[in-house]
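One structure is given below, encoded as structure tokens.
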Amino acid sequence: MLSLESFGNIVEELSLCALWLIVICVAAGTIFSRHLLKSLAYLAIFSLVSACLYLSMQAPDVAITEAAIGAAISTIFFLAAIRSVGEKEETPRKHIFVALLIVGGFTLTMLSTIVDMPAYGDKNSPANTGSSKSYVEESYQQTAIPNVVTSVLASYRGFDTLGETLVILAAAFSVLLILPSRKEESDAV
Amino acid sequence: MQSNILLRTIVATLLPFIFMFGWYVLFHGKVSPGGGFQGGAICATALILHALIFGPKKTEQVFSQYALRVIACIGAMIYVATGLVSVAMGGKYLEYNAFFQDSHLAQFVGVMAVEIGVQLTVFAGLTLIFLKLAEQD
């Protein structure tokens, strides 16, 4: 007799497997599609499903970022870029076997490290026994901020967030510098 | 896309709510998931949505590229200034506990100031990139 709880667990596992399968298929679609708009649509779906997966790993902060930046804003940026580049991928694909060899070798190398990885959610893994333990235990007493992610990002790791902010600023200004402005074009004409 | 009345009506109705949600994500980021980066991104999506539906020129009548550049810089400056103030008050750079005797209040003020800076920079920066890309034809 199947209990309701174990039935729920099975459904959860199956839906997670389905999400991972979708992510892999969509990633393959992004690479193999020759039409840039289709690739872009696959990429947006990839980000959206990834956001769901992050949520399933109890990382809602990352999920929000992925949904806003990955699925929405970067898709729109690519869309704006494709409009000026054209929809078809024009360069022919050469040296496909060399590329496959390199990518295959790299994949095998990465896969070989899986054996040494700690189990998912292992409380004795280095990630869970290092400094993150003291953050989880002490951050509320020290900062009175319930969300550990916020207190780590803005308080304990304030320097890193400062760097992140400056990177965004630098990215925006590099785009402004690289792309020609409307005024210059009208002057040239 | 600019003549579709359905899109125009829906977007005009939704825009203030998306914008407000961006600021909610910022100010509620201490308790719920979110923060300056996510809030700024959501606010930027609201403005980009406006530019997509009504055209970038209409958007630039509200937020000109110059204004967005200023906002982006102000955001980064708020962040840097928070650190400088904490140095001036006798702490290390970005050591919020130097602000007040009460360390919880000091942490609150420091984190909030920093997050608002991040929000402004991310919002203005991402919108700027889109507006710049959109005027390339």
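I need the full set of residues from the stretch B:48-82 which are among the hydroxyl-bearing types (S, T, Y) and either in contact (Cβ under 8 Å) with a residue 40 or more places away in the chain or open to solvent by 40 Å² or more (accessible area, probe 1.4 Å) (or both), in order please. Give the derivation first.
First, the residues of the stretch B:48-82 that are among the hydroxyl-bearing types (S, T, Y): B:59, B:64, B:66, B:79, B:82.
Within the stretch B:48-82, B:T59, B:S64, B:Y66, B:Y79 qualify.
Matching residues to (1) facing chain A (nearest Cβ under 9 Å); (2) open to solvent by less than 10 Å² (accessible area, probe 1.4 Å); (3) in a helix (DSSP H, G or I):
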{"residue": "B:L84", "(1), (2), (3)": "no, no, yes"}
{"residue": "B:Y93", "(1), (2), (3)": "yes, no, no"}
{"residue": "B:H104", "(1), (2), (3)": "yes, no, yes"}
{"residue": "B:G110", "(1), (2), (3)": "yes, yes, yes"}
{"residue": "B:V118", "(1), (2), (3)": "yes, yes, yes"}
{"residue": "B:T121", "(1), (2), (3)": "yes, yes, yes"}
{"residue": "B:A124", "(1), (2), (3)": "yes, yes, yes"}
{"residue": "B:L128", "(1), (2), (3)": "yes, yes, yes"}
{"residue": "B:L131", "(1), (2), (3)": "no, yes, yes"}
Can you tell me how many residues within the stretch A:114-126 are surrounded by 11 or more Cβ atoms within 10 Å (Cβ to Cβ) and either in the same structural domain as A:R34 (by TED's automatic domain parsing) or of a type in the set (S, T, Y) (or both)? 1
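Would you say B:F21 is open to solvent by 70 Å² or more (accessible area, probe 1.4 Å) and either within 23 Å of A:A144 (Cα to Cα) or of a type in the set (V, I, T) (or both)?
Details: open to solvent by 70 Å² or more (accessible area, probe 1.4 Å): yes; either within 23 Å of A:A144 (Cα to Cα) or of a type in the set (V, I, T) (or both): no.
So B:F21 does not fit the description; no.
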Contacts under 6 angstrom Cβ, first residue in the stretch A:12-35 being open to solvent by 100 Å² or more (accessible area, probe 1.4 Å), partner not β-branched (V, I, T) and not in a strand (DSSP E or B), 6 or more apart: A:R34/A:E89
For the stretch A:1-54: of the residues being within 28 Å of A:E90 (Cβ to Cβ) and part of a loop (DSSP other than H, G, I, E, B), which is farthest from the chain's Cα centre (by Cα)? A:R34
Sort out which residues of the stretch A:49-64 are at the interface with chain B (Cβ under 10 Å from one of its Cβ atoms), of a type in the set (A, V, I, L, M, F, W, C) and out of contact with any Phe, Trp or Tyr (no Cβ under 7 Å at 6 or more places or on another chain), and write them in order of number. A:L55, A:A59, A:I64
Only one of A:L111, A:L101, A:L153 is loosely packed, with under 10 Cβ neighbours inside 10 Å and either aliphatic (A, V, I, L, M) or part of a helix (DSSP H, G or I) (or both), namely A:L111
Identify the single condition in (1) surrounded by fewer than 16 Cβ atoms within 10 Å (Cβ to Cβ); (2) within 14 Å of chain B (Cβ to nearest Cβ); (3) free of Cβ contacts under 8 Å to residues at least 12 places away in the same chain that A:V85 does not satisfy, given that it satisfies every other one. (3)
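The values are calculated or read from the model by the stated rules, or taken from the named source; none is laboratory data. Note that the structure is predicted; figures quoted are calculated from it, not measured. Neighbour counts are summed over all protein chains in view; Cβ atoms, including those assigned to glycine, are modelled from backbone coordinates with ideal geometry. Note: accessible area is taken over every heavy atom of the protein model, side chains too, but ligands, DNA and RNA are not part of it. Shrake-Rupley method; radii C 1.70, N 1.55, O 1.52, S 1.80 Å.
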